[in-house]
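The values are calculated or read from the model by the stated rules, or taken from the named source; none is laboratory data. The structure displayed is predicted, hence computed values, not measured ones. Neighbour counts run over all protein chains shown; Cβ positions are idealised from the backbone, glycine included. Quick note on the areas: whole protein, heavy atoms, side chains included, nothing else; ligands and nucleic acids left out. Shrake-Rupley method; radii C 1.70, N 1.55, O 1.52, S 1.80 Å.
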There are 2 protein chains.
Amino acid sequence: MKEVVPFLTKSVFKNIYLPINFLNGFSVSTLMKKPSTQLLSSISRRFLATTTSLKMPGYKVLALDTLNPNVKTMEYAVRGPLVIRAVELEKELAQGAQKPYKNVIKANIGDAHAMGQKPITFIRQVLACVAYPELLQNGDMPSDVKEHAKAILGSCGGGSTGAYSQSTGIEIVRQHVAKFIEHRDGVPADSENICLSGGASESIRNVLKLFINRDGKKAGIMIPIPQYPLYSASIEEFNLGQVGYYLDEDNNWGLDPDELRRSYAESKDKYEMKAIVIINPGNPTGQVLSKENIEKIIKFAHEHKLMILADEVYQDNIYGEGCAFYSFKKVLTNMGEPYSKIELASFHSVSKGYMGECGMRGGYVEFVNVDPAVYVQYKKMISAKLCSTTLGQAVIDCVVNPPKEGDPSYDQWLTEKNEVLKSLKERATLVKEAYSNIEGISVNPVQGAMYAFPKIELPQKAIEKAKSLGQAPDFFYAMRLLEETGICIVPGSGFGQRDGTYHFRTTILPQPELMKDMLERFERFQTNFLKENS
Amino acid sequence: MKEVVPFLTKSVFKNIYLPINFLNGFSVSTLMKKPSTQLLSSISRRFLATTTSLKMPGYKVLALDTLNPNVKTMEYAVRGPLVIRAVELEKELAQGAQKPYKNVIKANIGDAHAMGQKPITFIRQVLACVAYPELLQNGDMPSDVKEHAKAILGSCGGGSTGAYSQSTGIEIVRQHVAKFIEHRDGVPADSENICLSGGASESIRNVLKLFINRDGKKAGIMIPIPQYPLYSASIEEFNLGQVGYYLDEDNNWGLDPDELRRSYAESKDKYEMKAIVIINPGNPTGQVLSKENIEKIIKFAHEHKLMILADEVYQDNIYGEGCAFYSFKKVLTNMGEPYSKIELASFHSVSKGYMGECGMRGGYVEFVNVDPAVYVQYKKMISAKLCSTTLGQAVIDCVVNPPKEGDPSYDQWLTEKNEVLKSLKERATLVKEAYSNIEGISVNPVQGAMYAFPKIELPQKAIEKAKSLGQAPDFFYAMRLLEETGICIVPGSGFGQRDGTYHFRTTILPQPELMKDMLERFERFQTNFLKENS
């Protein structure tokens, strides 16, 4: 018992995960109000009684005080206590609980299918055929789907997606990725420099691992603030040094080279500065960088000998008038020497874009200008995990090598793709307009990606309430919003924000009807919240 | 250029990976003979010319001397230079090169489908349906397949496998895993203690990460020698302390508690001893532990306060007369207190067994008796990677929840399963008998798993030849075998072996005809090899 109570007390107030079934019946909002010793004790009893694994023996090899310290300190806000509470609310509603709303809206995570987006037929047909090749005999499947599936199977060991692929991925898929990049950038690409992975996340984490340093200063990795918390979490887990540079909210979340210089100068003595992460289009901020902005970043990276890690997973999600996606590879190559020789890792994924195939876990990294000896070590490192999912790799193939004009699947594919992108664009506009009209909220245009990152002007009274509960003010706000409206968003503190400012990230993924519903609920909540706290 | 040559020189002799396309046209066997400066220089030129990424700029952020030191020192022999050479030989044969053999036999990796094993129809039908739910309208799919697929889809966000699952996995799949374990062991299991992952490898690595310690002594992890190199590679990558205990070759690769005590005593001052890894059935050694042997190991773990990591991925692969699989969970639970309270992580996978679905990347870990606070941290840690592939999770579901008697798919499923297991059993016997009859080779029975680990008596002359080339003698032997017969095996040095002994790991996976062919080639080679080196 002794071991559990301090952990609980700590975790409740530190936004650390709690197992869902353990919280059943206890309201998170109750827990957030400094739970009494009696309550904690009752929770602990339940915790201990729940499962066989929870009996406390005489000793624990793995206990909080001996656990990997970096695991303890890492945080990943996109799946934090708000989400756990949201799942709980869903279960309560399903059991007939009376709430002022009928459903929970999970606007916390870029998970398009979970929010009702339909899969692209072509992708799923190819997947079905490579999973169950008997379908190749089936008259219902379009001929180009079958050809596509046969090509993938022909590049699999024993002609089966059940065989391991090379650790870098199925050869033909990597070749198609290279062609896709060449076509996108007008710059040569070599399939040998491309490694497929289980989502972009796996590649990003693998690349960050290369910078781990056992002795001396930690490697400094520059990341945007606000950022996608995969970066802060992995940097913390790997014991690297996080060096934040602020995006300029007043300038549409643009990237100011002076701010890069300030950030670098402040950290260069503490860390061995190694790399800069750019997320373009931005997550959580939704900006799309201009070519000129990218050129300035590349010059900065060259000036300070930094490797560039370009998170370009939202490259298909461009909505802003006059905005276009420029890959870092294209821009640095076109700048010529010395910039064309900068080390770059560029990441892409099947989870976003128009396909939204998050659960399939397909992604890749392209290495540019990386030392061959280092690349050999990288490939050795990933080989211990054998390979990423071959079916995820098949989805990558469909994304980089879609139906061509004249193919039987082309028209349907194009229609489905365009419909998704058109609808996302409409919702991007809707979100911007709606939040701009809500008192106390301001928001930049959503030029790209799948998120808005609105700023909330929190009344002093609300800030004080939050502090009295030991909560971050934006967490307090988000939890109130969830409890009262069923809308699940992520507080800005999970992504980073300038001190004294408060934000939240919301996706633009709820389908149009639900989106309108969400914005109406939000507006009502905000009106009441301001009234209550003024 | 300067950067490349020393790396090459080093890597050629240290079994480090070389990129395949870079070696094209150079024979590995030539390279193995201390390449001349001229040859290295010619290789380096080609290396530099091959791709755009290989131009050397004025500086490299990531270079061998600044790279994560643990990445440099880790090794993973199952996918080493022999495999690269095997792929090269396949390409040469395809281009019409004249060799004394017509095909390369990859007996290096437990990759059943790559060696011609056919997928289980039920698994692939369910996969096709969850990937492309329009097939649920299809009259061709058996009704139980459809029910199975619907249940999985019903537990996915938005009813789509394209949605992220919970980080621990799709809820219904975890429930089915728990039921499967309960049925197997006759001991309660709770789905909340089960985390699905991309193959067992991912779970194993995640659990090992918990032991990372920044200050003080490294955590000591006991592993068998010989072992599956995922363990040695991950322990090295995570900067943990590898503590080997020898399996007893003279006693059918059994596990002698006295040897555990010796190993522990020798390392307990150097490391903070934390955990013991058991692979049962054994990889690469093929033994199946008896219940009594497992009890002794559990007592040892309790005596020394070690967590048990039980790699049980071959639990369906039991061939030996009188052998049976006992899970560590079942045995320790039935032993009662205090043993029933030992911390345990047990791993399982869809890559082995009768299904051999390696490319699907499905696996899980069950935690038993783990501190709830630690488990919360574990779940937080894995959440940053979002989730494992939902389609891989669907395969797990099929494995733990197969058709029941009376279901439309039952007969075919049972027939296919039994045929695979019967054939594997026959090949296990064949391999034992065949190698036992080859001069200079001895081998234990293959009681389980998918491998034999025969001992080779290498003539002194061969050992000296190898040493003169700067090669491990068993590596020299394996490379000669590959070049002369097309058979790809892994030298024992990749798994660990007692000093002065030489072994290799071969799978029992080539289909019966190919297996006979392989054994004949092997015998001819060995006869010649002994003649040449006597």
For the protein assembly as shown, give me the percentage of DSSP beta bridges that are antiparallel, rounded to the nearest 5 percent. 50 percent
For A:G254, the residues 5 or more places away or on another chain with a placed amide H closer than 5 Å to its own amide H are A:D248
Relative packing of A:182-192, A:142-152, which averages over residues the other C-beta atoms within 10 Å, highest first: A:142-152, A:182-192
log10 of Debye I(q)/I(0), alpha-carbon scatterers only, for chain B at 0.05, 0.07, 0.10, 0.11 Å⁻¹: -0.21, -0.43, -0.90, -1.08
Pop a pseudo-label 7 angstrom from the Cα along the beta-carbon direction at both A:L430 and A:K150 and give the gap in nm to one decimal. 4.3 nm
Cα-centred dipole magnitude for chain B, charges only on beta-carbon of K, R (+1) and D, E (-1), debye, nearest 20: 2000 debye
Nearest-20 debye value, segment B:91-141 charge dipole, Cβ charges on Lys, Arg, Asp, Glu: 360 debye
Nonlocal amide H pairs with A:M335, under 5 Å, H built at 1.01 Å: none
Taking the Cβ of A:D316 as the center, what net charge do the other residues with Cβ under 12 Å away carry, scoring Lys and Arg +1 and Asp and Glu -1? +3
Cross-link list B:K91/B:K432; A:K179/A:K341; A:K329/B:K380; A:K352/A:K432; B:K218/B:K352; A:K379/B:K106: which exceed 24 angstrom alpha carbon to alpha carbon? B:K91/B:K432; A:K329/B:K380; B:K218/B:K352
Could you let me know the centre-to-centre spacing of segment A:96-121 and segment A:440-454, using Cα atoms, in angstrom? 20 Å
Measure off 7 Å from each Cα along the Cα-to-Cβ vector at B:D250 and B:K91, then give the distance between these two points in nanometres to one decimal. 4.8 nm
Taking the DSSP beta bridges in chain B as the whole, what percent of them are antiparallel, to the nearest 5? 50 percent
I'd like the distance between the alpha-carbon centres of segment A:195-211 and segment B:206-238, rounded to an integer number of Å. 21 Å
Subtracting the Cα-Cα distance of A:M335 and A:K72 from 0.36 nm times their residue separation yields 90.4 nm
Could you work out the relative contact order of segment A:119-163? I mean the mean sequence separation of Cα pairs under 8 Å and 6+ apart, divided by the number of residues, in percent. 37 percent
at B:P408 the sorted inter-copy label distances (label 7 Å from Cα on Cβ side), in nanometres, are 2.5
Per-residue HN-Hα couplings for segment A:217-234, Karplus 6.51 cos²θ - 1.76 cosθ + 1.60 at θ = phi - 60°, whole Hz, x for Gly and Pro? 5, 5, 6, x, 10, 7, 10, x, 10, x, 9, 7, x, 3, 5, 4, 5, 6
Could you tell me the relative contact order of chain B? Use alpha-carbon pairs under 8 Å, at least six residues apart, and round to a whole percent. 19 percent
Report, for A:G186, each distance to the same residue's label point in the other copies, shortest first and in nm; define the point 7 Å along Cα→Cβ. 7.3
What are the residues whose amide H is under 5 Å from the amide H of A:I105, where those residues sit 5 or more places off or on another chain and H is modelled from the backbone? A:I487, A:C488
Relative to the compact-globule scaling 2.2 N^0.38 Å, provide the ratio for the alpha-carbon radius of gyration of segment A:239-361. 1.08
Cα-based Rg then Dmax for the protein assembly as shown, in Å, read 28.5, 95
Accessible area in square angstrom per residue, chain A, 1.4 angstrom probe: 35 Å²
What's the local net charge at A:A428, with K and R +1, D and E -1, over the other residues with C-beta under 13 Å away? +1
Average the reciprocal distances over every distinct pair of alpha-carbons in segment B:99-236, invert the result, and give the Kirkwood radius in Å. 19.0 Å
Sum of side-chain charges, A:L255 neighbourhood, beta-carbon under 9 Å (Lys, Arg +1; Asp, Glu -1): -2
Each residue of segment B:303-315 in turn: what ³J(HN,Hα) in whole Hz from Karplus with 6.51, -1.76, 1.60 and θ = phi - 60°, glycine and Pro shown as x? 4, 10, 6, 10, 6, 9, 10, 9, 8, 10, 6, 9, 4
Helix-only mean residue ellipticity at 222 nm for chain A, each DSSP H run of n ≥ 4 adding -39500 (n - 2.57), per residue, nearest 500: -13500 deg cm²/dmol
Enter the Cα centre distance for the pair segment B:130-184 and segment A:326-393, rounded to the nearest angstrom. 31 Å
May I ask you to derive the FRET efficiency for A:D65 and A:K217 from their Cβ-Cβ distance with R0 = 30 Å, giving the value to the nearest 0.05? 0.65
Counting only Cα atoms, I'd like the Rg/Rh figure for segment B:67-127, Kirkwood definition for Rh. 1.14
Which distances, shortest first and in nm, link B:G336 to the matching position in the other copies, using label points set 7 Å out along Cα to C-beta? 8.5
In Å, the Kirkwood hydrodynamic radius of segment B:494-534 over pairs of distinct alpha carbons? 12.3 Å
log10 I(q)/I(0), Debye, Cα-only segment B:165-400, no solvent, q = 0.07, 0.08, 0.17 Å⁻¹? -0.20, -0.27, -1.36
What are the ³J(HN,Hα) couplings of segment A:176-183, residue after residue, when phi is run through the Karplus curve with 6.51, -1.76, 1.60 and θ = phi - 60°? Round to Hz, x for glycine and proline. 5, 4, 4, 5, 4, 5, 4, 5
